[in-house]
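K.L.:
One structure follows; several queries about it will come next.
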Amino acid sequence: MTKKHVAVLMGGFSSERPVSLSSGAACADALEAEGYRVTRVDVGRDVARVLADLRPDVAFNALHGPYGEDGTIQGILEYLEIPYTHSGVLASALAMNKEQAKKVAKAAGIPVAESLVLDRFEIGNEHPMKPPYVVKPVNEGSSFGVVIVQEDQTHPPQVITSSDWRYGDSVMVERFVHGRELTCAVMGDVALGVTEIVPVGHAFYDYDAKYVAGGSKHECPAKVSPFIYQKVQTLALKAHQVIGCRGVSRSDFRYDDRFSENGELIWLEVNTQPGMTPTSLVPEIAAEAGHSFGELLSWMVEDASCSR
């Protein structure tokens, strides 16, 4: 039996284009190895016409950042009636907006850090909250534009109001949570394993720590107590469900165990388009759960639909 024709959508116009190209190439190669007929689509402004002409059975969404994981491409695919992977229009848009996603998560009982959203030019010369805190764009991924303000800094970071800032005028100022970086993948309605991310030579899990080989170490499974491990899984699945995610997602957490083993566990965000590069977390977590890369992608293709 001939397997489905899959259009792997990659590239796009966001800051995360290089990551998307890497994810897309890895996914296309693996799907071909699984027997699918694959067309690689470097997404441009004519993507609707390209897909209308191509008429694939499934669109595998390997895009990252604005236009790719904020509901935009999902809306085009819905309009064209092409089944697609990952989350739908509403969940994608919601998860991409850190402020709104946190409101929904908090209402569901998921612990989040205190934060406020400001226009970047409102920050001025006075700290908007007591340091340490984190400033991050409201609608970006891959840690683009994230700045950590330390306790001893006398004023907010000047880069936020500079002309070099490329991440929009709306920023979130969030209490900095000390401790360890944990992440958990969800596949359908099942929370997979928990991984600890240990940046190597980086202050936090920034872009290079995520995507440059050797930029971080992944402890998979994370060396935490069974109680914390299961709590992370429970919260990741709950975030996936209340935000309305589909297919595969990944939730990120901070875990402060400086004063007790149970400590403080804070949910940061859910990623509806987790990276699928050779250094990415979800393929590692899935492998630990017994799913090869090809099996994971095949499951995602067969799970694809419209009206997600």
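The values are calculated or read from the model by the stated rules, or taken from the named source; none is laboratory data. Treat the numbers as computed from the prediction; the structure is a model and nothing was measured. For neighbour counting, all protein chains shown are included, and Cβ atoms are generated from backbone atoms with ideal geometry for every residue, glycine included. Protein only, heavy atoms only, side chains kept; ligands, DNA and RNA dropped before computing areas. Shrake-Rupley method; radii C 1.70, N 1.55, O 1.52, S 1.80 Å.
K.L.:
Between the range 20-67 and the range 102-149, how far is it from one alpha carbon centroid to the other, in angstrom?
P.N.:
Answer, in whole Å: 33.
K.L.:
While we're here: Ignoring ligands, DNA and RNA, what percent of the 1.4 Å accessible area of the chain is carbon and sulfur?
P.N.:
Numbers: 6810 of 13310 Å².
C and S atoms contribute 51 percent here.
K.L.:
Using the Karplus equation 6.51 cos²θ - 1.76 cosθ + 1.60 (θ = phi - 60°), what ³J(HN,Hα) coupling, rounded to whole Hz, does each residue of the range 261-277 give in order, writing x for Gly and Pro?
P.N.:
My calculation for the range 261-277 gives 5, 6, x, 10, 10, 10, 7, 9, 5, 10, 9, 7, 10, x, x, 10, 8 Hz in order.
K.L.:
Take residue 114 and residue 262, extend 7 Å from each Cα along the Cα→Cβ direction, and tell me the distance between the two endpoints in nm.
P.N.:
2.2
K.L.:
So how do 285-293, 248-256 stack up, highest first, on mean other-Cβ count within 10 Å?
P.N.:
Details: 285-293: 17.4, 248-256: 23.2.
Top of the packing list down: 248-256, 285-293.
K.L.:
For the chain, what is the charge dipole size about the Cα centre, in debye to the nearest 20, if Lys and Arg each add +1 at the Cβ and Asp and Glu each add -1 at the Cβ? Can you show the working numbers first?
P.N.:
Values: 28 positive and 40 negative charges, 76 e Å.
Using only the charged Cβ atoms, the result is roughly 360 debye.
K.L.:
Would you list which lysines come within 21 Å of residue 130, measuring only between C-alpha atoms, while excluding same-chain residues fewer than 8 positions from it?
P.N.:
Filter leaves 98, 102.
K.L.:
Skip the ligands, DNA and RNA, and give the accessible area per residue of the chain with a 1.4 Å probe, whole Å². Before the final figure, lay out the partial values.
P.N.:
Details: 13310 Å² over 308 residues.
Each residue of the chain exposes 43 Å² on average to a 1.4 Å probe.
K.L.:
Under the 0.36 nm per residue contour assumption, what length would be gained going from the current alpha-carbon distance of residue 5 and residue 144 to full extension? The partial results should precede the final answer.
P.N.:
Values: separation 139, 0.36 × 139 = 50.04 nm, distance 3.36 nm.
So the extension gain works out to 46.7 nm.
K.L.:
Check which residues have an amide H placed less than 5 Å from residue 308's amide H, if you skip close sequence neighbours.
P.N.:
The answer is 89.
K.L.:
Positive end of the dipole of the chain, charges at C-beta (+1 Lys, Arg; -1 Asp, Glu), about the Cα centre: which of 25, 95, 305 has its Cα farthest in that direction?
P.N.:
Of the options given, the answer is 305.
K.L.:
If you don't mind, another one. Taking the dipole about the Cα centre of the chain, with the C-beta of Lys and Arg at +1 and of Asp and Glu at -1, give me whichever of 200, 260, 186 is farthest to the positive side.
P.N.:
Projecting each Cα onto the dipole axis, the largest value belongs to 186.
K.L.:
Can you list the residues, at least 5 places off or on another chain, whose amide H is less than 5 Å from the amide H of residue 14, using H built in the peptide plane?
P.N.:
none
K.L.:
What dipole magnitude, in Debye to the nearest 20, does the range 226-265 give about its Cα centre under +1 on Lys/Arg Cβ and -1 on Asp/Glu Cβ?
P.N.:
260
K.L.:
To the nearest 500 deg cm²/dmol, what mean residue ellipticity at 222 nm is calculated for the chain from DSSP H runs of n ≥ 4 alone, each contributing -39,500 (n - 2.57), summed and divided by the residues? Don't skip to the answer; put the middle values down first.
P.N.:
Details: 9 runs with 94 residues, N = 308.
Theoretical 222 nm ellipticity from helices: -9000 deg cm²/dmol.
K.L.:
Tell me which of 121, 52, 13 sits at the most positive position along the dipole axis of the range 1-138, charges placed on C-beta atoms (Lys, Arg +1; Asp, Glu -1).
P.N.:
Ranked along the dipole, the leading option is 121.
K.L.:
Right, next: Can you give me the long-range amide H partners of residue 268? Hydrogens built in the peptide plane at 1.01 Å from N, cutoff under 5 Å, separation of 5 or more residues or another chain.
P.N.:
252, 253, 254
K.L.:
Continuing with this model, one more query. Size of the dipole of the range 58-114 about the Cα centre, Lys and Arg at +1 and Asp and Glu at -1 on the beta carbon, nothing else charged, in debye to 20? Walk me through the numbers on the way to the answer.
P.N.:
On the way: 4 positive and 6 negative charges, 53 e Å.
Taking the Cα centre of the range 58-114 as origin, the dipole is about 260 debye.
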